[in-house]
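Presented below is the structure to which this report refers.
The numbers here are math on the coordinates, done by the rules we state, and not lab data. Source: prediction; values computed, not measured. Note: ideal-geometry Cβ built from the backbone for every residue, glycine included; neighbour counts use all protein chains shown.
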Amino acid sequence: MFYISIPPFDVQLETDIPAVINSINNMYQYSLKPMEDTEKFSDFHIKIASPSRIRKHYRPQVQFYIDGKTPFKPLPLSQAFPFFEWGLNWCIASHTYQYLLLHAAVVEKDNKALILPGYPGAGKSTLCAALVSSGWRLLSDEMAVIDTKTLELIPVVRPISLKNESIKVISEFSASAEFGESFLDTAKGTVAHMKPSKQSFIQRIQRAKLKWVVFPRYLATKPTQLIEKEKGEALIELAENSFNYNVLGSQGFNLLCDLVASAQCYKFEYSCLDEAVDLFQSLVEEN
Amino acid sequence: MVAPNKIVLINAFVHPDIVLTLNLSEWDLLVRQARSAGVLARLALLLKAKGLYEKVPEKPLNHFNSAIIYIEQFTYTVQWELYLIQKALNKHNIPLILLKGAAYVQADNDAGKGRLFSDIDILVKKEQLQVAEKAFSNHGWLFEKLDKYDQEYYRKWMHELPPMRHFKRGTNLDVHHNILPLTSHKCPNADKLLANLVQEKGDGIWVLAAEDRILHSAIHLFYGGEFEHGFRDVSDLDLLFREFSKNKRFWHKLLERAVEIEQSEALYYAFRYSKLIFNTPIPEEVLDSVDISFSVSRRAIMDFLLIRALMPDHDSCDDQWTGFSRWVLYVRSHWLRMPMYLLVPHLLRKSWMRVTGKAEH
């Protein structure tokens, strides 16, 4: 049994699958809590296990259980750890209405936070991994968690999930980036996880103030450029990228209004990570 | 069996003050049981009403807050959906009559507070059914994918149209013309229910009379075969009993009505299990006057099955007989629903569809 502390969430994970145990020990190294404390409250009780005894040997599968329930169909055993990561994303997104949740990466430098909302394939995680490898603090790779009263960004420090070419791109970009195992043939292609920097773990309860909302787009032939974005347009795209905007109703709309009003909003096209990182560094220094 | 008074969720409903004594791992179990049973928001609102909300530690409080935010939006969405359903029916002068969860919300019953439901159930007079069906399909409610067999099965034997879903909003609508299948020998006369409707808010929306609301809830729970929400449904009954018993002569009227629409057996079950699980204050003389006689052995069997089936749907509340009990009650519900000469071919077809992978659900 693992107790994983990912403030503001506590996760209990039961598994006997060696690949998951290894990945958890590696990727969540700094987040594991000792078990002896009996006074515990876990937000999510997850089990990753084989769904049937019969299929333990023939085309083995793995299932994701949240408190005994199975919201998903089983996956091939080789995808057990990515399944945990996706399942945990789902747990947070579908049980957490006290925060506004956006599908976005969040990084911070000099207490200025940058939200990178991402349509799949836009390059949000790649850019996020490059910035974190260049000294930015990781708040989250998958979702921006926003306090509905103060509009502060709340970190949820977990591994950065990279796909396909991005894995090679980031390992070439940064010699110090620590990767876990590569998982082939998942629904999203090859997936590998990058361990967050130790600094991000140390500051994992420190909230950050939003400064920029940047919609990235990786375009192989385009020069690096940052283009100002209409705030109305930014608001609509953030709403489309939100996990729980529909549940927050009018409060959600007002929050997004306040959020884009308080931030600088840009479109960002890039093909070269070095140039991208330099450009964001210059933004930090300008402001 | 896990005794009801050993389950923290039940204790929290029966004596809310006990939450003051819980340690964090007990809170952990309470939140999980409440979520699994679909009563997290109901529990949160109960703690609020009892002035205990401020005492909830931060970790569980986050989950209660989240559930309350969700239920607020849910209730808002339901109001809008009711408005649209009423609009579709109004053109044809068909009154909107709500059943179950939506009715509790409409009537501001305690059972409606924090109550989630996945479909809106409405009642339409049988002679207006065709017009209503057409009105709904003109307004975007479509039948879920069903083959010819299912369509005919519903229309010929059931007490409702096949379930409808709005093509754009994805909301579900169940249109009933009675509260039990026509094939069931317990099927009441729908006209008697329609004769006693009440309008709670003067907005043209009707619900069953208080006594009928209880009897329908009991029929649905004790003759139905789905116990995933059994705990929540018996909690509905407990809350309805407690609320209505403040009215003068309520118990007397309830007993009388049960005889009138021949539902004394369902009422007996409702009394017995609501009291056994939630310690509902039902006077002894009321319990004794239900017009039904059960043999000791039959009562023991039903206790064995129902107390297990009605526990929160969570591992911590199950024993080795829970799954079996729910299965037996599921089979029983089909048995009650139709005579053997219909039941056997129907079940055979269902299992054939499942085995060959042709089943949609």
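For peptide B:66-73, how many partner chain Cβ atoms fall within 10 Å of a residue's Cβ, on average? Write out the running numbers ahead of the final one.
Numbers: counts 8, 3, 2, 10, 7, 1, 5, 9.
Taking the mean over all residues of the peptide, I get 6.
So what J values fall out for the stretch A:177-188 if you push phi through Karplus, 6.51 cos²θ - 1.76 cosθ + 1.60 with θ = phi - 60°, rounded to Hz, Gly and Pro as x?
Ordered by residue, 3J(HN,Hα) equals 4, 9, 10, x, 5, 8, 10, 8, 6, 7, 4, 9 Hz.
In the P(r) worked out for the stretch B:1-131, what percent of Cα pairs fall beyond 23 Å?
Values: 3703 of 8515 pairs.
Here the long-distance tail beyond 23 Å is 43 percent of all Cα pairs in the stretch B:1-131.
Given points 7 Å out from each Cα along the Cα-Cβ axis, report the A:E230 to A:I21 separation in nanometres with one decimal.
Spacing of the two 7 Å Cα→Cβ label points: 5.7 nm.
Any idea what the relative contact order of the stretch A:48-112 is, in percent, if you count C-alpha pairs under 8 Å spaced at least 6 apart? Write down the numbers at each step before the final one.
Numbers: 50 pairs, mean separation 14.1, N = 65.
Rounded, it is 22 percent for the stretch A:48-112.
Just grab the label-to-label distance for B:L84 and B:S351, each label 7 Å out from Cα along the Cβ direction, in nm (one decimal).
Here the modelled spin labels are 4.1 nm apart.
Could you calculate the contour length gain from A:I202 to A:K168, that is, 0.36 nm times the residue separation minus the distance between their Cα atoms, to one decimal place in nm? Could the numbers behind the result be given before it?
Details: separation 34, 0.36 × 34 = 12.24 nm, distance 2.72 nm.
Length gained between A:I202 and A:K168: 9.5 nm.
Computed on alpha carbon atoms, what radius of gyration and Dmax characterise the protein assembly as shown, expressed in Å?
Cα-based Rg and Dmax for the protein assembly as shown come out at 27.9, 85 Å.
Got the relative contact order for the stretch A:99-287 handy, in percent, Cα pairs under 8 Å and 6 or more residues apart? If you can, show how the numbers build up before the last one.
Numbers: 378 pairs, mean separation 50.3, N = 189.
Answer for the stretch A:99-287 is 27 percent.
Just tell me which aspartates and glutamates come within less than 17 Å, Cα to Cα, of A:K40; anything on the same chain fewer than 8 places away is out.
A:D10, A:E14, A:D67, B:E26, B:D28, B:E58
Which of the trypsin sites (Lys or Arg not before Pro) across the stretch B:51-101 are loop residues per DSSP, with 14 or fewer other Cβ within 10 Å? Intermediate results must be reported in sequence, preceding the final value.
Values: sites: B:K55, B:K87, B:K91, B:K100; in loops: B:K91.
Filter output for the stretch B:51-101: B:K91.
Measure nothing but the geometry: give the 0 to 90° angle between the long axis through the Cα atoms of A:124-133 and the longest principal axis through the Cα atoms of chain A, rounded to 10°.
So the helix axis and the longest Cα principal axis differ by about 90 degrees.
Any idea what log10 I(q)/I(0) is at q = 0.10, 0.13, 0.21 Å⁻¹ for the stretch B:85-243, Debye with uniform C-alpha scatterers and no solvent?
Taken in order of the listed q values, log10 I(q)/I(0) reads -0.35, -0.61, -1.65.
Would you work out if the stretch A:1-95 is rounded, prolate or oblate? Take a ≥ b ≥ c from the square roots of the eigenvalues of the alpha-carbon gyration tensor; rounded if a/c is under 1.5, else prolate when a/b is larger than b/c, oblate otherwise. Don't skip to the answer; put the middle values down first.
Details: a/c = 1.89, a/b = 1.55, b/c = 1.22.
Prolate, since a/c reaches 1.5 and a/b exceeds b/c.
Among DSSP beta bridges lying fully in the stretch B:4-355, give the percent that are antiparallel, nearest 5.
Here the antiparallel bridges make up roughly 55 percent for the stretch B:4-355.
Please give the Cα centre distance for the stretch B:1-28 versus the stretch B:285-301, rounded to the nearest Å.
Taking the Cα centre of the stretch B:285-301 as reference, the centre of the stretch B:1-28 is 30 Å away.
Using alpha carbon centroids, what distance separates the stretch B:161-175 and the stretch B:85-125, in Å?
13
Compute the length gained on full extension between B:V198 and B:S295: take 0.36 nm times their separation in residues and subtract their Cα-Cα distance, giving the result in nm to one decimal. Walk me through the numbers on the way to the answer.
Values: separation 97, 0.36 × 97 = 34.92 nm, distance 3.71 nm.
Result: 31.2 nm gained on full extension.
On C-alpha positions alone, give me the angle between the axis of helix A:80-95 and the longest principal axis of chain A, in degrees, nearest 10.
60
Please report the antiparallel percentage of the DSSP beta bridges confined to the protein assembly as shown, to the nearest 5.
Values: 54 of 77 bridges.
Of all bridge pairs located within the protein assembly as shown, approximately 70 percent are antiparallel.
Between B:H92, B:H139, B:H314, where does the largest GNM mean-square fluctuation fall for chain B, given springs only between Cα atoms within less than 10 Å?
B:H92
Using the structure shown, select from B:K87/B:K248; A:K112/A:K267; B:K113/B:K248; B:K186/B:K246; A:K149/B:K59 the pairs with a Cα to Cα distance greater than 26 angstrom. Working shown, then result.
Details: B:K87/B:K248 36 Å; A:K112/A:K267 18 Å; B:K113/B:K248 23 Å; B:K186/B:K246 30 Å; A:K149/B:K59 18 Å.
Exceeds cut-off: B:K87/B:K248; B:K186/B:K246.
May I ask for the equivalent-ellipsoid semi-axes of the stretch A:99-287, computed as the square root of five times each C-alpha gyration tensor eigenvalue and listed largest first in whole Å? Could the numbers behind the result be given before it?
Working: eigenvalues 122, 65, 58 Å².
Values for the stretch A:99-287, descending: 25, 18, 17 Å.
What GluC sites (Glu not before Pro) in the stretch B:92-144 are in a loop by DSSP, with at most 15 other Cβ atoms within 10 Å of the Cβ? Before the final figure, lay out each step's value.
On the way: sites: B:E127, B:E133, B:E144; in loops: B:E144.
Qualifying residues, ordered by number: B:E144.
Straight-line reach from A:K168: which lysines have Cα under 21 Å away, leaving out those fewer than 8 places along the same chain?
Once the sequence-local lysines are set aside, what remains near A:K168 is A:K124, A:K188, A:K195, A:K222.
Suppose we flag trypsin sites (Lys or Arg not before Pro) only when DSSP calls them loop and at most 15 other Cβ atoms lie within 10 Å. Which is the longest uninterrupted stretch of chain A? Each step should come with its number before you reach the end.
Values: sites that count: A:R53, A:K149, A:K188, A:K209.
Answer from the scan: A:54-148.
Against the longest alpha carbon principal axis of chain A, how many degrees, from 0 to 90 and to the nearest 10, is the axis of helix A:231-240 turned?
10
Please state the Cα pair-distance histogram of chain B with 20 angstrom bins from zero: what percent is in each bin?
With a bin width of 20 Å, the distribution comes to 27, 60, 13.
Can you give the longest run of chain A that contains no chymotrypsin sites (Phe, Trp or Tyr not before Pro) sitting in a DSSP loop with at most 16 other Cβ atoms inside 10 Å?
Values: sites that count: A:Y58, A:F72.
With chymotrypsin sites (Phe, Trp or Tyr not before Pro) excluded where exposed in loops, chain A gives A:73-287 as its longest stretch.
Residues with beta-carbon under 15 Å from that of A:Y30, excluding A:Y30: net charge, scoring Lys, Arg +1 and Asp, Glu -1?
On the way: positive: A:K33, A:R137, A:R158, A:K195, A:K198, A:R204; negative: A:D10, A:E178.
Here the count lands on +4.
With r defined as the distance between the Cβ atoms of A:K69 and A:E178 and R0 fixed at 41 Å, what FRET efficiency is calculated, to the nearest 0.05? Working shown, then result.
On the way: r = 34 Å, r/R0 = 0.82.
The calculated FRET efficiency here is 0.75.
How high is the relative contact order of the stretch B:4-355, in percent, counting Cα pairs under 8 Å that sit 6 or more residues apart?
Numbers: 452 pairs, mean separation 57.0, N = 352.
For the stretch B:4-355, the relative contact order is 16 percent.
Between the stretch A:210-287 and the stretch A:121-192, what is the C-alpha centre distance in whole Å?
Each part reduced to its Cα centre gives a spacing of 17 Å.
Pop out the ³J(HN,Hα) list for the stretch A:108-122 in order, Karplus 6.51 cos²θ - 1.76 cosθ + 1.60 with θ = phi - 60°, rounded to Hz; leave Gly and Pro as x.
Listing the rounded values in order: 9, 8, 6, 6, 10, 9, 10, 9, 10, x, x, 6, x, x, 6 Hz.
What residue among B:F244, B:F278, B:F324 has the largest mean-square fluctuation in a Gaussian network model of chain B, using Cα springs under 10 Å?
Its mean-square fluctuation being the largest, the pick is B:F324.
Using Cα springs under 10 Å in a Gaussian network model of chain A, which residue among A:P117, A:P216, A:P71 shows the largest mean-square fluctuation?
Result for chain A, Cα springs under 10 Å: A:P71 fluctuates most.
So what is the calculated 222 nm ellipticity per residue for the protein assembly as shown, using -39500 (n - 2.57) for each DSSP H run with n of 4 or more, over all residues, to the nearest 500 deg cm²/dmol?
Numbers: 24 runs with 293 residues, N = 648.
Result for the protein assembly as shown, helices only: -14000 deg cm²/dmol.
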